[in-house]
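K.L.:
Quick one: structure below, then a few questions.
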């Protein structure tokens, strides 16, 4: 069986060209018709504050505007336009609903605690808490994504309360640096929730993450206990790429129950789903589950004003990293780049070292605050074949 090739994010405004011919590509968003404004939100009001609710700021904002949200408590909020919403430690939003986002420009959310619902969004939605993930832990109570083409989650720390910590249905989702501790079963005597539950015809990547399934339920009755939930469940006709990620099934509650339940699997694959992973997660490889330990994986970490990018793959292969600002993020189209354009920046890493690593850096000051930077790596094998990493994303603070 040939090695899997991770397809690129489809891009805008050029002709469709095979990926193996062009290599990674990135498109830049067109400049907005007017200069983006900065709107300040503070629930306490005061000098320099434009609005006391996020919804009022969104209603007043134009596409591309930056909304700065100061520490405070905010209620149920709906966003349906491409703005940048930047919070700070102490921002708590009860529920944030993103819906019907059609724009080629991204809707960007950073640095806040909330329960996130994304639905019916053709345009890109970016939620990045990576500036200080620990500062936003404990308040992010769940993420639900449905029928959306491009959702990016980075730096999430989730403690869900009733269902799977992350549910994805009929959507394309990129996840990086995500930590999930799924909730215990409720009601009692049922299987624990999956840490991440992927259904329908979804396409997801999960990289540099740690996911734990929920504990099985138990009661004082003589009913058998529920089993622990899977770390990651991939069902129906979905496809998942699991890269340098720890998955762990939830435990059965054997402390209170008079019967013995089973711990959940790290990874559950069912229906016609397919998973490609850099680890075996205790499963035997099959047509539905492929293990590719040298699959190229790109990591991006902030370091002062620099972003350090490291490509991990097989020692001796030739690595490259490409990156640019304000990309148009769209669905993957097999091994093709749909309407692909050139990247703004690129760097050849040469031959990867004995640990299979190559590194470069990017000066974040080249892009304005609130910009989205997407990077993607590739490796060229001795036979000339090119394999692409999953794209990674960060928001410039």
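The values are calculated or read from the model by the stated rules, or taken from the named source; none is laboratory data. What you are looking at is a predicted structure, and each value in this text was computed from that prediction instead of being measured. No Cβ is skipped: glycine too gets one built from the backbone with ideal geometry, and neighbour counts run over all protein chains shown.
K.L.:
Which pairs do you get when a residue that is at positive phi and touching a residue at least 60 places away in the same chain (Cβ under 8 Å), found in segment 359-376, comes within reach of a residue that is in a strand (DSSP E or B) and surrounded by fewer than 20 Cβ atoms within 10 Å (Cβ to Cβ), reach meaning Cβ atoms under 9 angstrom, with the pair 6+ apart or on two chains?
P.N.:
Final answer for the pair search is 370/66.
K.L.:
Being over 24 Å from residue 388 (Cα atoms), modelled with pLDDT of 95 or more and assigned to a strand (DSSP E or B) is the filter here, so list the residues in segment 212-247 that pass it.
P.N.:
Across segment 212-247, the qualifying residue is only 233.
K.L.:
Still on this structure, I have one more. Going by what's in this entry, would residue 141 be described as in contact with a helix residue (DSSP H, G or I) (Cβ under 9 Å, 6 or more places away or on another chain), under 25 Å from residue 230 (Cα atoms) and either at pLDDT below 90 or surrounded by fewer than 18 Cβ atoms within 10 Å (Cβ to Cβ) (or both)?
P.N.:
Here the answer is no, as residue 141 does not meet what is asked.
Per-residue answers, yes or no, for (1) at pLDDT below 90; (2) part of a strand (DSSP E or B):
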{"position": "145", "(1), (2)": "no, yes"}
{"position": "148", "(1), (2)": "no, no"}
{"position": "162", "(1), (2)": "yes, no"}
{"position": "168", "(1), (2)": "no, yes"}
{"position": "173", "(1), (2)": "no, yes"}
{"position": "180", "(1), (2)": "no, yes"}
{"position": "185", "(1), (2)": "yes, no"}
{"position": "188", "(1), (2)": "yes, no"}
{"position": "193", "(1), (2)": "yes, no"}
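K.L.:
Filter segment 297-311 for residues that are crowded, with 20+ Cβ neighbours inside 10 Å and within 12 Å of residue 360 (Cα to Cα) and give the result.
P.N.:
Those that are crowded, with 20+ Cβ neighbours inside 10 Å and within 12 Å of residue 360 (Cα to Cα): 298, 299, 300, 307, 309, 311.
K.L.:
Please work out which one of (1) at pLDDT below 90; (2) more than 18 Å from residue 373 (Cβ to Cβ) is the condition residue 306 fails and give its number.
P.N.:
Going through the list (1) at pLDDT below 90; (2) more than 18 Å from residue 373 (Cβ to Cβ), residue 306 breaks only (2).
K.L.:
How do the pairs read when you match residues in segment 291-307 that are more than 18 Å from residue 240 (Cβ to Cβ) with residues anywhere that are outside any strand (DSSP E or B), using Cβ under 6 Å and keeping only pairs 6 or more apart or on different chains?
P.N.:
294/313; 294/314; 305/364; 305/365; 307/364
K.L.:
What is the residue count in segment 62-91 for residues that are surrounded by fewer than 16 Cβ atoms within 10 Å (Cβ to Cβ), within 19 Å of residue 132 (Cβ to Cβ) and under 22 Å from the mean Cα position of the chain (by Cα)?
P.N.:
1
K.L.:
Kindly evaluate residue 206 against the criterion of being crowded, with 24+ Cβ neighbours inside 10 Å, part of a strand (DSSP E or B) and at pLDDT below 85.
P.N.:
So residue 206 fails the test.
K.L.:
Name the residues in segment 105-130 that are surrounded by fewer than 18 Cβ atoms within 10 Å (Cβ to Cβ) and modelled with pLDDT under 90, would you?
P.N.:
122
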